[in-house]
Amino acid sequence: MLRYRAGLADMPRYDVVERDWRIKVNANESTLNMPPMVEDRLLGRLAQVAFHRYPNEQMDLLREQIGSAYGFRKENVIIGAGSSEIIEKVFHCFGGSGQKIVYPMPSFSMYNIYAKAAEAQGIPVDLEEDFSLDVRKFIDTVNREDASLAVICNPNNPTGNVLTLDEVEEIAANIACAFLLDEAYMEFYGESATKTLLAKYPNMMVARTFSKAYGLAGVRVGYMLAAADIIRMLEKAYMPYYMNVLSLVTADTVFQMRYEYQPRIDMTIAERKRMQEALSEIKAIRVYPSAANFILIEYDKAKELQEEMEAAGIGVRCFASSPRLKNCLRISMGTREENDAWYALLKSFAERNG
Ligand SMILES: *Cc1c(COP(=O)(O)O)cnc(C)c1O
């Protein structure tokens, strides 16, 4: 009998079904690979890499560059293998036995798993019927529970809805514990807390990723901005040289050339608007408003629709394990052609099945 750590066998898994999709709109990835100009620059830089050295220099360079773009210093930036890793470390650092971590539900399903892994008590705050967050209820829960960490995903995954900057500030101004904003989809919304709030509230942390708008899901790089003393504490949770040089140089090149990505971000936003309008013409389907690169729909025949899409090689995300999302599907925005393809199937299904 192997003696695993207590609780490990009962840890929930991140449940996604992956196969070789013809149209892959299930994971909120960018549908486009790296722009050729960025790829050219990257390949040139990779040819210069000192592969035999630990990547101190590349880590410092990326932190410096990201920090200064937001008006901060490199001491205010931590890099991770995806923002997932950073978020997991934040839960670890503010977790431990007796600590409570508050987050909305439904939101990113990993929060629940990270809370468990950190041996903290996860306290979900239910979203309202339309998936909006009752900010007052959230604040009251954080304070009543004497939480060590409050987490908000803005725009929220998988529902797509947002908090305004005023609402984010209302939370920040009324809680005393650490406050993590997960802005994985912020490029598709634009109301980032990094603009003014982060400098004003020293308990605030803002996590961003290269995986979505910047199409580097395979490279695994994210970052977080926060007060230097928070970053210093988080660094203690990492091993030395935890980032590899290939990822660091890739992220650095993409960050330098981030303006090259604006057309595709604009395309995604335009497609989201177009598909929201098209979907709202189908009476049997409820379309939730979204400021991200995906749309959440609710349909009483969601399961059957998903099976038909799957049979046609179209991968969308369903949430079998979450009661509030039972009849919901989340569809990431693809190219115009990809979106037309899944929409045609969806429309024909609804016409046949009501
Ligand atoms: C995708 C995502 C992330 C980050 O993903 P990484 O690939 O690990 O950077 C973080 N939070 C949410 C809510 C996401 O959807």
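FYI, it's all coordinate maths here, none of it is from the lab. Every value quoted in this text rests on a predicted model; they were computed, and no experiment measured them. Don't worry about glycine lacking a Cβ; one is built from the backbone with ideal geometry, like all the others, and counts go over all protein chains shown.
So the values come out like this:
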{"item": "Test: residue in region 126-149 that is touching a residue at least 40 places away in the same chain (Cβ under 8 Å), within 21 Å of Tyr238 (Cβ to Cβ) and surrounded by 15 or more Cβ atoms within 10 Å (Cβ to Cβ)", "result": "yes"}
{"item": "Residues that are surrounded by fewer than 19 Cβ atoms within 10 Å (Cβ to Cβ) and either of a type in the set (Gly, Ala, Ser) or over 24 Å from the mean Cα position of the chain (by Cα) (or both), drawn from region 292-309", "result": "Asp300, Lys301, Lys303, Glu304, Glu307, Glu308"}
{"item": "Filtered residues of region 191-222 (kept if part of a loop (DSSP other than H, G, I, E, B) and buried (at least 20 other Cβ atoms within 10 Å of the Cβ))", "result": "Ser192, Ala193, Phe210, Ser211, Lys212, Ala213, Tyr214, Gly215, Leu216, Val219, Arg220, Val221"}
{"item": "Residue tally, condition near the ligand (Cβ under 9 Å from one of its atoms) and of a type in the set (A, V, I, L, M, F, W, C), over region 63-89", "result": "3"}
{"item": "Scan of region 142-159 for residues that are assigned to a loop (DSSP other than H, G, I, E, B) and under 12 Å from Phe179 (Cβ atoms), ordered by number", "result": "Ala147, Ser148, Asn154"}
{"item": "Matching residues in region 163-214 - criterion: being in contact with a helix residue (DSSP H, G or I) (Cβ under 9 Å, 6 or more places away or on another chain), among the aliphatic types (A, V, I, L, M) and closer than 19 Å to Ala251 by Cα", "result": "Ala184, Val206, Ala207, Ala213"}
{"item": "Scope region 52-84; condition crowded, with 18+ Cβ neighbours inside 10 Å and among the charged types (D, E, K, R); matching residues", "result": "Arg63, Lys74"}
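Each row is one residue, and each column tells you yes or no for (1) among the small types (Gly, Ala, Ser); (2) assigned to a helix (DSSP H, G or I); (3) farther than 25 Å from Leu225 by Cβ.
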residue: Arg13; (1), (2), (3): no, no, yes
residue: Asn33; (1), (2), (3): no, no, yes
residue: Leu42; (1), (2), (3): no, yes, no
residue: Gly96; (1), (2), (3): yes, no, no
